[in-house]
Amino acid sequence: MPLILTFLGSLGTHRTKIAIAAAKLMASQGKRVLLAAQAEPVLPLLLGLPVAPDPMEIAPNLQVVQFQASVLLERSWEDVKKIEAEYLKTPILKDVYGQELAVLPGMDSALALNALREYFESGNYDVIIYNGTGDSYSLRMLGMPESMSWYVRRFRQLFVNSELGKTISDSSPLIQPLVSTLFNVNWTTDNFAQPTNKVNNFLEKGKAAIADPKQVTAFLVTTDDPLEVASSRYLWGSAQQVGLTVGGAIAISDGGNVSLSEEFAPLTVTVVPELKEGKWEPVMDTLPNFVEQASLAPKPIEIDISAAKVRLFLPGFDKKQVKLTQSGPEVTIEAGDQRRNIFLPPPLNGKAVTGAKFQNNYLIISF
């Protein structure tokens, strides 16, 4: 199973340098590495060569690709039309062409996530290093499987329980001829079962990957500037809200002593020198063992069924910034600008929250 490694932090150029150094290091260790990045000019300049929307080999074991949203949209549009034709007897999208589609806000994130999934499942790589925006938008992208799965299960259940849903279910012998005329599937027993199950399987795979630090992990990139430290801590806590494990912190230092252990405890802080004169070896030689550190990092969420408790690790936030509500069948946690709905296992599902406390960066919920 390959590893997707990404970097978080507000220092875009520094993150790109660390991503390149990490890719070079892992490729030199014999791993098959893909360095994937959003379309921006820094990566090609640092590599000293143009980067295409298809993987190209730039060194032994090392390929690089740049995600161009317009290209990804054009390619994905054909898949959309195939899905439409699978379920709809008279497709309506066949006369719309991918070459004429404009990229709308948010599409680029979804397209990049789908591209990562395809490369992840291709079996061609041991490590995929994703050099995205490294901010809250990247986290929302990686958190899409969990967020979308909530929308699917919540609104599907609302429809099933609605008068319309009950009417369709009760009147299925009468409605079935109409459904069969319009669609290519039989939805009499559960009007959305087949397509919904496909979507759920897709999302569950994504959720499982994000929750496993051996499959997806992130590292913080910062300096000793207090503003950069505060920004990295905020992203650290926000990553926990999407279920993403942060394996450690990388501090960029130009020869000075950097001590950030207290700010990022219990993570390991690795000090890395500035890239100078295009010499990558000094940077590569100081990089951490990403897999090993990620395996030791705190888990974003731990559920103890026997004790009827849920522990969420939320560093970078204080008690006033964390909010808990239970207005639906699941528990909702708000921290920073991220909201997470916790899908509880059957023994705890449906139980009311009896207590909550915020202690040592952990939100501990009792049922």
**OP:** Evaluate the following for Glu292: is it closer than 24 Å to Leu203 by Cβ, at pLDDT 90 or above, open to solvent by 60 Å² or more (accessible area, probe 1.4 Å) and not hydrophobic (A, V, I, L, M, F, W, C)?
**Re:** no
**OP:** Consider only pairs whose beta carbons are under 7 Å apart and that are at least six residues apart or on different chains; among these, list those whose first residue lies in region 65-82 and is touching a residue at least 24 places away in the same chain (Cβ under 8 Å) and at negative phi and whose second residue is surrounded by fewer than 19 Cβ atoms within 10 Å (Cβ to Cβ) and assigned to a helix (DSSP H, G or I).
**Re:** Ala69/Met107; Leu73/Gly98; Leu73/Met107; Glu74/Gly98; Glu74/Gln99; Ser76/Asn114; Trp77/Gly98
Original post:
Out of all the residues in region 232-269, which are of a type in the set (Asp, Glu) and open to solvent by less than 70 Å² (accessible area, probe 1.4 Å)?
Top reply: Glu263
Subject >> Residues located in region 114-135, provided they are crowded, with 19+ Cβ neighbours inside 10 Å and touching a helix residue (DSSP H, G or I) at 6+ places or on another chain (Cβ under 7 Å) >> reply: Ala115, Tyr125, Val127, Ile128, Ile129, Tyr130, Asn131, Gly132, Gly134
Original post:
Out of (1) out of contact with any Leu (no Cβ under 8 Å at 6 or more places or on another chain); (2) touching a residue at least 60 places away in the same chain (Cβ under 8 Å); (3) farther than 21 Å from Ser149 by Cα, the odd one out for Arg339 is which?
Top reply: (3)
Subject >> Checking Glu302 against (1) over 18 Å from the mean Cα position of the chain (by Cα); (2) under 21 Å from Arg340 (Cα atoms); (3) at pLDDT 95 or above, the condition it does not meet >> reply: (3)
Original post:
Considering only residues of region 49-61 that are more than 23 Å from the chain's Cα centre (by Cα) and in contact (Cβ under 8 Å) with a residue 12 or more places away in the chain, which is most open to solvent (accessible area, probe 1.4 Å)?
Top reply: Pro60
**OP:** Restrict the check to region 29-41 and report whether at least one residue is farther than 18 Å from Thr133 by Cβ, in contact with a Phe, Trp or Tyr (Cβ under 8 Å, 6 or more places away or on another chain) and buried (at least 23 other Cβ atoms within 10 Å of the Cβ).
**Re:** yes
Subject >> Extreme residue, surrounded by the most Cβ atoms within 10 Å (Cβ to Cβ), among residues of region 207-231 that are under 17 Å from the mean Cα position of the chain (by Cα) and within 17 Å of Gln338 (Cβ to Cβ) >> reply: Ala218
Subject >> Residues that are surrounded by fewer than 16 Cβ atoms within 10 Å (Cβ to Cβ) and among the β-branched types (Val, Ile, Thr), drawn from region 276-289 >> reply: Thr286
Subject >> One residue from Val269, Val310 being free of Cβ contacts under 8 Å to residues at least 24 places away in the same chain and among the aliphatic types (A, V, I, L, M) >> reply: Val269
**OP:** For residues that are assigned to a loop (DSSP other than H, G, I, E, B) and within 19 Å of the chain's Cα centre (by Cα), scanning just region 4-28, find the one that is surrounded by the most Cβ atoms within 10 Å (Cβ to Cβ).
**Re:** Gly9
Original post:
Within region 302-335, how many residues are crowded, with 17+ Cβ neighbours inside 10 Å and under 24 Å from Ala230 (Cβ atoms)?
Top reply: 9
Subject >> Looking only at region 346-367, and only at residues there that are surrounded by fewer than 14 Cβ atoms within 10 Å (Cβ to Cβ) and more than 21 Å from Gln321 (Cβ to Cβ), the one that is modelled with the lowest pLDDT >> reply: Gly350
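The values are calculated or read from the model by the stated rules, or taken from the named source; none is laboratory data. Values in this document were obtained by computation on a predicted structure and should not be read as measured data. All Cβ positions, glycine included, derive from the backbone under ideal geometry; neighbour counts span all protein chains shown. Heavy atoms of the whole protein, side chains included, go into the accessibility calculation; ligands, DNA and RNA do not. Shrake-Rupley method; radii C 1.70, N 1.55, O 1.52, S 1.80 Å.
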